[in-house]
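The values are calculated or read from the model by the stated rules, or taken from the named source; none is laboratory data. Worth saying up front: this structure is predicted, and the values here are computed from it rather than measured. Backbone-built Cβ (ideal geometry, glycine too); neighbour counts: all protein chains shown. Just so you know, the surface numbers come from the protein's heavy atoms only, side chains and all, with ligands and any DNA or RNA stripped out. Shrake-Rupley method; radii C 1.70, N 1.55, O 1.52, S 1.80 Å.
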Amino acid sequence: MSISLHGIGLGGGISIGKAYILDKHLDNAVLHLLEDSQVDLEAKRFEQAVRDTRKELESLRGNIPSNAPAELGAFLSLNIMMLGDSQISQAPLNIIRTEFCNAEWAIKLQAEKLSEQFDTMEDEYLKERKYDVIQVLERIFKNLEGNQFDWNKTNDFEGELLITYDLSPADLMHIKNSNFLGFVTEVGSLTSHTAIIGRNLEIPSIVGVSYARQVVRDGDTVIVDGINGALIIDPDAVVLSEYYKLQKEWQASKLKLRHIRQKESVTLDDVTINLFANIENDSDAIEVKNNNADGVGLFRSEFLFLNNDDNYSDEEEQFEAYSKVVKTLKKLPVTIRTADLGADKNPSWNVDGNSVLNPALGLTGIRLSLADLYLFRSQLRAILRASHYGNIQIMFPMISSSLELKQAIYQLEYVKDELIQEGINFNPDIKIGAMIEVPAAALSIKSILSLVDFVSIGTNDLIQYLLAVDRNDESVNYLYNPIHPAVLQLIHHVIRSCNRQQVPVTICGEMAADPRLTRLLLGMGLRNFSMYPSSILPIKKIILNTDINKNTTIVRKILKTESIEKVDLLLDELNQGVLDY
Amino acid sequence: MIKKQTSVINKLGLHARASSQLVQLASKFISDISIEKDGKLANAKSIMTIMMLAANKGSTITIMANGEDEVVAIEQISELFANKFGELE
């Protein structure tokens, strides 16, 4: 029987394949009966996992951070002691031998047996210890050969769909290079970084599918419908053939969009619109060309750092990445945003980053760069050096005041002097820009405009800060709304101020890629959009179908409206006919 | 073999940490040591069986030791119970 679960689709179309569950749960264990001859091997496999678990626990105990609670050491010692107990390390072996079953199943049976015994206890506190015991068994389970996950081996997967609890932005980079057909996570929201990057991968994916790992079993046939956010488990023949049909249609509509690839993006009333791409890696440059973008509006350079597990991305590595992009894109502008780390994008070396109470309001973006001048200057050096080979612009994230911007510019000038003294070539007139994503900067935009050559509005963070909604917090993110009148008015204020001062302004947040908002943003005076490459053609299609002048009245109405519901209705009116494809 | 009856007086009973202290201590002796509660017998050198005994505060238990160091074993183990496993309350 087919079951379907729902979450937030990140697009990428539809894929059909076998489920591969990562972060395997003991509950997911499946029984495999063994031949007599296999029993010894299976027992050895279990014993090896016990040894690996012991090593793991001992290494954890040996590396306890000094600020960890004192209980942690005692707890790990207890775990190690449990691991040595025959109920944990012997009983499953006996089960393997008597039941002729796989180690996973044996661990599951033993966990159930122990759980039952704990459940009969009357003392509530002692009862709870059950979870300590299960955790140790889970750990062995995860250490069984074949259950550990090695990201370096993802190429071995062919035609499988990854189902897991959560994926970090760095994990997604691995997925990109793997042969997985798609992925599903249990947590995540539309605007979490995982979702934003996930969408870029253009593989069918869904986030926020609660309990997926409990419902899906390893090896089940599943359909991941990234367009509608549906995960269908064990589909019957009818459903399956329906989805094969949908899959074909989706691919066909994608092909259709290819036809407008070479067209200039000009509105019906002859206004030229620039469509730029958001990229994360040097290898994305090819997608910029494939979609015929006008350049890179946002190079999220922090991903060069996030992919480095053990150390900083050094100057040379960055220089190579940046130069590769500009060389690939010839004369096209490439806007490199300096590392926007912190908050939900923490490299593993930033140990403090995960422990602060309110990371989005903490040391992130330009603040982190200014606090770590070694990191910041080496990045500026890399960007400047690459500027010699193409049309590079530099942008600072999370600017909250003109003073902060001046501090960043001061560092840029410092590095320029350094390069001059070393006789290294760079573009001395490199254009600089500020990312407008803090409401204070948006409101005092005029003080910023005199210092920069361009600005770019980061709507994701701007909305989060303006509406006081953490977009990663599932309990409140329903309040996150780009069409809140306050959001629209503030964005309009920035666009209008920039246009008056003739400073180019781009939107590089999710709003730029939302087809429902394209006409509105055009009406607000926006002429530069930057988005993930896969959105460029769909947005171009709307631009080709829009007469900005004709929409003036309705756009004005929207900007005067005080309620979200009214904006919603007026948007429907504005978009009549344009979204039906 | 010698036996000694005592009771669990620390607040949380033979919880995980207390159990682990008991097992650590018991493992130092050559003697076979077991704890009996309500007719259930647990090997004092096995953390799991001790935890499974679910001896909460106020339970009466019997410590049993059999071997060459049984006297010291019983003495030190009953002392551990009496000292509430080093807990403050």
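Quick notes on this one:
- Local electrostatic count, B:ASP38, Cβ distance below 14 Å [Lys/Arg +1, Asp/Glu -1]: -1
- On Cα atoms only, tilt of A:485-501 relative to the major axis of chain A in degrees: 40
- Structure-based [θ]222 nm, chain B - -39500 (n - 2.57) summed over DSSP H runs of at least 4, per residue, nearest 500: -10000 deg cm²/dmol
- Listed residues A:ALA321, B:PHE81, A:ALA195: farthest to the positive end of the dipole of the protein assembly as shown (Cβ charges): A:ALA321
- Inter-chain Cβ neighbour average for residues B:5-18, partner chain, 10 Å: 2
- Rounded, prolate or oblate (a/c below 1.5 giving rounded, otherwise prolate when a/b exceeds b/c) for chain A by Cα gyration tensor: prolate
- The mean sequence separation of alpha-carbon pairs under 8 Å and at least six residues apart, normalised by the residue count of the range A:1-111, gives a relative contact order of 39 percent.
- The range B:28-89, relative contact order [Cα under 8 Å, separation at least 6], %: 34
- Highest mean first, the peptides B:53-65, A:32-44 sorted by other C-beta atoms within 10 Å per residue fall in the order B:53-65, A:32-44.
- Contour excess over end-to-end distance, with Cα ends at A:GLN117 and A:LYS330 and 0.36 nm allotted per residue: 69.7 nm
- The simple Förster model, with R0 at 41 Å and r as the Cβ-Cβ distance, assigns A:ILE564 and A:THR221 a FRET efficiency of 0.50.
- Charged neighbours of A:LYS263, selected by a Cβ distance under 15 Å, balance to +2 (K, R count +1; D, E count -1).
- Across the range A:1-123, the convex hull enclosing all Cα atoms gives 234 Å³ per residue.
- Whichever lysines have a C-alpha closer than 23 Å to that of A:LYS245, once near sequence neighbours (fewer than 8 apart) are set aside: A:LYS18, A:LYS254, A:LYS256
- Chains B and A, summed buried accessible surface - 1.4 Å probe, Å², nearest 100: 1500
- Straight-line cross-link partners of A:LYS560 among the aspartates and glutamates, defined as a Cα under 19 Å from its Cα and at least 8 positions apart when in the same chain: A:ASP568, A:ASP572, A:GLU573.
- Per residue, chain A exposes an accessible area of 45 Å² to a 1.4 Å probe, with every protein chain left in place.
- Highest-first arrangement of A:551-563, A:460-472, where packing means the average Cβ count within 10 Å: A:460-472, A:551-563
- Apportionment of accessible area to carbon and sulfur, the protein assembly as shown, percent (1.4 Å): 50
- Local net charge near A:GLY7, Cβ-Cβ under 14 Å (Lys/Arg +1, Asp/Glu -1): -2
- Distance between the modelled labels on A:HIS259 and B:GLU68, one decimal in nanometres: 9.5 nm (7 Å Cα→Cβ projection).
- Using the Cβ-Cβ distance between A:ASN425 and A:LEU571 with R0 = 51 Å, the FRET efficiency computed as 1/(1 + (r/R0)^6) comes to roughly 0.55.
- Inter-chain Cβ neighbour count for A:115-124, averaged per residue, equals 3 (cutoff 10 Å, partner chain atoms only).
- Inter-chain neighbour count for A:78-86: the average number of beta-carbon atoms from partner chains within 10 Å of each residue's beta-carbon is 6.
- Set A:LYS324/A:LYS416; B:LYS57/B:LYS84; B:LYS3/B:LYS37 screened for pairs whose C-alpha atoms are more than 18 Å apart: A:LYS324/A:LYS416
- A helix-only calculation puts chain A at -14000 deg cm²/dmol for mean residue ellipticity at 222 nm, using -39500 (n - 2.57) for each DSSP H run of at least four residues, averaged over all residues.
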